[in-house]
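Bear in mind these aren't lab numbers, they're just calculated from the coordinates by the rules spelled out. For clarity, every value in this text was computed on a predicted model and none was experimentally measured. Every residue, glycine among them, receives a Cβ derived from its backbone with ideal geometry; neighbour counts consider all protein chains shown.
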Amino acid sequence: MFKIEHLTFRYSNQVIWRDYSSQLLGNSYLYGPNGCGKTTLLKLLSSVLMPQDGTILWNDSPSYRASSLLNTKLLYDDIPLDKQLRWICSLARQDYNWLLSRGEGLALEPLLPLTPQEMSQGMRQWATLAFVCVMPADVYLLDEPLVGLDACRCRQFHDYLKTRISQGDSFIITGHDANGMSEFPELKSVEFQRGTS
């Protein structure tokens, strides 16, 4: 569980969060309109951004590993997915087969020999989502992970998510409206509105 205390963050003169305090359970679905601060909050939780004030703890610790899908480019265009995963394994000191087992249910095998530039847009989105989900982490932060995926891939990810949650993994996922809860019934719904801060 994230414990957020007196969080303040601004971009230049625009305050996004002011003295915001909350507890955010793992396995939550955050929804609300564009501009209400969902993505910024995920970036703060993943330490991509640092708050001007306040503290963020995961299970009462300021030190935690977050694997994040935040609409940023994660994969190198000209290196096969297989080599990128092996490189991550060496950095994280994890066994490659262990990492692939984390991706069971994501049908990664056909993508492994391909470079992202050889993939379609949907395949790249799927490969990036899979890349984030197989990383060793305490919590997985996914900003609108189903955007750009076809119905078959969305169902595949839902099944994968249920399995990972049943294994004790924690996910926080964002979306735009409450209808997304039907896509993620295993997640607790948290509504954000403009001015939540």
Practice problem: Name the long-range amide H neighbours of LYS188: under 5 Å, sequence gap of 5 or more, or other chain; modelled H, no Pro or chain starts. | Solution: SER28, TYR29
Exercise. Quick one: of LYS73/LYS188; LYS43/LYS73; LYS43/LYS188; LYS83/LYS162; LYS38/LYS83; LYS38/LYS73, which pairs are farther than 24 Å apart, Cα to Cα?
Key: LYS73/LYS188; LYS83/LYS162; LYS38/LYS83
Quiz item: With each label point set 7 Å from Cα along the Cα-Cβ vector, what nm distance links ARG18 and ASN97?
Solution: 5.7
Practice problem: For the chain, just the Cα atoms, rotate onto the principal axes and tell me the three extents in Å, largest first. | Solution: 47, 35, 34
Quiz item: Among ILE165, ILE56, ILE79, what is the fewest-to-most ranking by other Cβ atoms within 10 Å?
Solution: ILE79, ILE165, ILE56
Exercise. Report the FRET efficiency, 1/(1 + (r/R0)^6), for LYS83 and ASN34, where r is their Cβ-Cβ distance and R0 is 41 Å, rounded to 0.05.
Key: 0.70
Practice problem: Using θ = phi - 60° and the Karplus relation 6.51 cos²θ - 1.76 cosθ + 1.60, list the HN-Hα couplings for segment 101-118 in order, rounded to whole Hz, with x at every Gly or Pro. | Solution: 5, 5, x, 4, x, 9, 6, 6, 3, x, 8, 4, x, 8, 8, x, 5, 8
Quiz item: Once amide H atoms are built 1.01 Å from N in the peptide plane, which residues 5 or more positions from LEU141, or in another chain, come under 5 Å H to H?
Solution: SER67, SER68, LEU69, ILE172
Quiz item: Relative to the longest principal Cα axis of the chain, at what angle does helix 151-166 sit, 0 to 90 degrees, rounded to 10?
Solution: 70
